[in-house]
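*Asks:* Sharing a structure with you now.
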Amino acid sequence: QVQLVESGGGLVQAGESLRLSCVISGSPFGRNRVGWYRQPPGEERELVATIANDGSTTYEDAVQGRFTLTRDNRKNTWYLQIDRLKPEDTAVYFCNYVPPMRNWGQGTRVTVSS
């Protein structure tokens, strides 16, 4: 039984920054990589960045150079730093394992105005 809780979203202007947080509790069921997913309005959820237990990261081209993943092992908390936000970053952001667990958190909404 895994619980995922995202926070830190909000309404911001283009060019500003946000830091999203994800607290994960429960067994990882053998998974060693956590991802951040986002779901734009009217679109399907997509994986945009990942971080493994050893700290290695991957980023999709659309977010490369602007998104940075970190984690605090002692707090079971993963962070997504988003810099130079763009209107196209508007979405509900979720964290989950890669591949994802069956259950999802409520996500945190990021809305970027121009």
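*Asks:* What is the magnitude of the charge dipole of the stretch 73-114 about its Cα centre, with +1 placed on the Cβ of each Lys and Arg, -1 on the Cβ of each Asp and Glu, and no other charges, expressed in debye to the nearest 20?
*Replies:* The dipole of the stretch 73-114 has a size of about 220 debye.
*Asks:* When the solvent-accessible surface of protein heavy atoms is calculated with a 1.4 angstrom probe, in what order do ARG109, ARG38, ARG102, ARG45 fall, highest first?
*Replies:* From most accessible down to least: ARG102, ARG109, ARG45, ARG38.
*Asks:* Say each of LYS86 and THR111 gets a label point 7 Å from the Cα, pointing the same way as Cα to Cβ; how far apart are those two points in nm?
*Replies:* 2.1
*Asks:* Measure out, as a whole number of angstrom, how far apart the alpha-carbon centroids of the stretch 6-36 and the stretch 37-76 sit.
*Replies:* Cα centroid to Cα centroid, the span is 8 Å.
*Asks:* With a 1.4 Å probe and all protein chains in place, put LEU18, LEU47 in order of accessible area, largest first.
*Replies:* LEU47, LEU18
*Asks:* Test of the criteria: in the stretch 1-90, which GluC sites (Glu not before Pro) are in a DSSP loop and have at most 14 other Cβ atoms within 10 angstrom of their Cβ?
*Replies:* GLU16, GLU43, GLU44, GLU60
*Asks:* A further question follows. Would you mind working out the magnitude of the charge dipole of the chain relative to its Cα centre, with +1 at each Lys and Arg C-beta and -1 at each Asp and Glu C-beta, to the nearest 20 Debye?
*Replies:* With only Lys, Arg, Asp and Glu charged at Cβ, the dipole is about 400 debye.
*Asks:* Can you compute the equivalent ellipsoid semi-axes for the chain, i.e. the square root of 5 times each eigenvalue of the Cα gyration tensor, sorted largest first and rounded to whole Å?
*Replies:* 22, 14, 13
The values are calculated or read from the model by the stated rules, or taken from the named source; none is laboratory data. These numbers come from a predicted model, not from an experiment. Every residue, glycine among them, receives a Cβ derived from its backbone with ideal geometry; neighbour counts consider all protein chains shown. Protein only, heavy atoms only, side chains kept; ligands, DNA and RNA dropped before computing areas. Shrake-Rupley method; radii C 1.70, N 1.55, O 1.52, S 1.80 Å.
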